[in-house]
Amino acid sequence: MFKQKNKAIENNGTRPGLVTISKPTAVVSEQFRTIRTNIQFSMVDKDLKTLVVTSAGPGSGKSLVSANLAATFASEEMRVLLVDADLRKPTVHRTFHVKNNDGLTSVLTDKTSELTDMIYRTYTEGLYILTSGAIPPNPAELLNSNRMKEITKEMEGLFDLIIFDTPPVLAVTDAQVMSSKVDGTLFVIPHGRATKDEVTKAKELLDMVGANVLGAIFNRVSAEDDKYSYYYANEE
Ligand SMILES: Nc1ncnc2c1ncn2[C@@H]1O[C@H](COP(=O)(O)OP(=O)(O)OP(=O)(O)O)[C@@H](O)[C@H]1O
Ligand SMILES: [Mg+2]
């Protein structure tokens, strides 16, 4: 049903960004498991099937966090789909070393494209990816379309958890659009890089559209300046 593992994806385990796959015993992988546990607590008694990962500004680690989080949740019992909904600067195809000739935008714009034909199965048990496809001129409009709603419903039927990587909130409306449609939003804050004003403004924009912000993941946090570090904090 899904695109077969292609040759390129065999590099999967050696990708430096996918530390949770290549180094499951590393401290950072343990931190991702802690984040997973915290999110699972938020899921209790709630329907939390679709998650957006976003941030205030660019280059904060959204793509790394969403990919590693997806890998951390994926298992034999939990089928997880990582969707590249950053239709402006897509990276999922690069992270997983696959082609991006088609993907989300194909299903959104071409009625003959089937979602199931666009999804890659990775070598990680339970982990599937949907790349962005061709970069469109109107990303926000596409993400806000009825077709996107239908596709998301279809994804929910096929997977236990769907994680959307998105562009930064302060730059464009895409993440606001997506956050208003999903069950929960995770906010990545690059420690020492994002200003309080930026984070406050981004949170206001998310609140404005009724986003369910589950919490923040502090990226690049460390006592000893350990470069790979993540820390999850709940809003309350
Ligand atoms: N904790 C970290 N330690 C070291 N490098 C990191 C860390 N988090 C992110 N990076 C690096 O910072 C860069 C930006 O990360 P990433 O692409 O995940 O950010 P992003 O928020 O998705 O960016 P964009 O806004 O462009 O989509 C990448 O080169 C990534 O490898
Ligand atoms: Mg990104």
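The values are calculated or read from the model by the stated rules, or taken from the named source; none is laboratory data. Nothing here was measured: the structure is a model prediction, and the numbers come from that model. In this analysis, Cβ positions are derived from the backbone assuming ideal geometry, glycine residues included, and neighbour counts consider all displayed protein chains.
So here's what we get for this one:
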| item | result |
| --- | --- |
| Looking only at the range 178-207, and only at residues there that are modelled with pLDDT under 95 and charged (D, E, K, R), the one that is farthest from ligand 1 (Cβ to nearest atom) | Lys196 |
| Every pair of residues 6+ apart whose Cβ atoms lie under 9 Å, when the first sits in the range 85-111 and is in contact (Cβ under 8 Å) with a residue 24 or more places away in the chain and among the small types (Gly, Ala, Ser) while the second is in a helix (DSSP H, G or I) and within 16 Å of ligand 1 (Cβ to nearest atom) | Ala85/Leu104; Ala85/Pro139; Ala85/Leu143; Ala85/Asp174; Ala85/Ala175; Ala85/Met178; Gly103/Val92; Gly103/His93 |
| Matching residues in the range 94-104 - criterion: being within 14 Å of ligand 2 (Cβ to nearest atom) and assigned to a helix (DSSP H, G or I) | Arg94, Thr95 |
| Residues located in the range 182-202, provided they are surrounded by 18 or more Cβ atoms within 10 Å (Cβ to Cβ) and of a type in the set (D, E, K, R) | Asp183, Glu198 |
| Residue in the range 195-213 that is in contact (Cβ under 8 Å) with a residue 12 or more places away in the chain and under 26 Å from Phe96 (Cβ atoms) present | no |
| Count of the range 73-93 residues which are outside any helix (DSSP H, G or I) and either within 14 Å of ligand 1 (Cβ to nearest atom) or surrounded by fewer than 16 Cβ atoms within 10 Å (Cβ to Cβ) (or both) | 14 |
| Filter result (farther than 19 Å from Ala70 by Cβ and either surrounded by 20 or more Cβ atoms within 10 Å (Cβ to Cβ) or under 15 Å from the mean Cα position of the chain (by Cα) (or both)) within the range 114-141 | Pro139 |
| Residue within the range 121-139 that is among the hydrophobic types (A, V, I, L, M, F, W, C), within 16 Å of ligand 1 (Cβ to nearest atom), free of Cβ contacts under 8 Å to residues at least 60 places away in the same chain and assigned to a loop (DSSP other than H, G, I, E, B) present | yes |
| Set Val28, Val80, Val52: member being modelled with pLDDT of 95 or more and either over 18 Å from Leu127 (Cα atoms) or within 16 Å of ligand 2 (Cβ to nearest atom) (or both) | Val52 |
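For (1) within 16 Å of ligand 2 (Cβ to nearest atom); (2) touching a Leu at 6+ places or on another chain (Cβ under 7 Å); (3) acidic (Asp, Glu), each residue gets a yes or a no:
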residue	(1), (2), (3)
Asp47	no, no, yes
Gly59	yes, no, no
Ser66	yes, yes, no
Val92	yes, yes, no
Ser106	no, no, no
Thr124	no, no, no
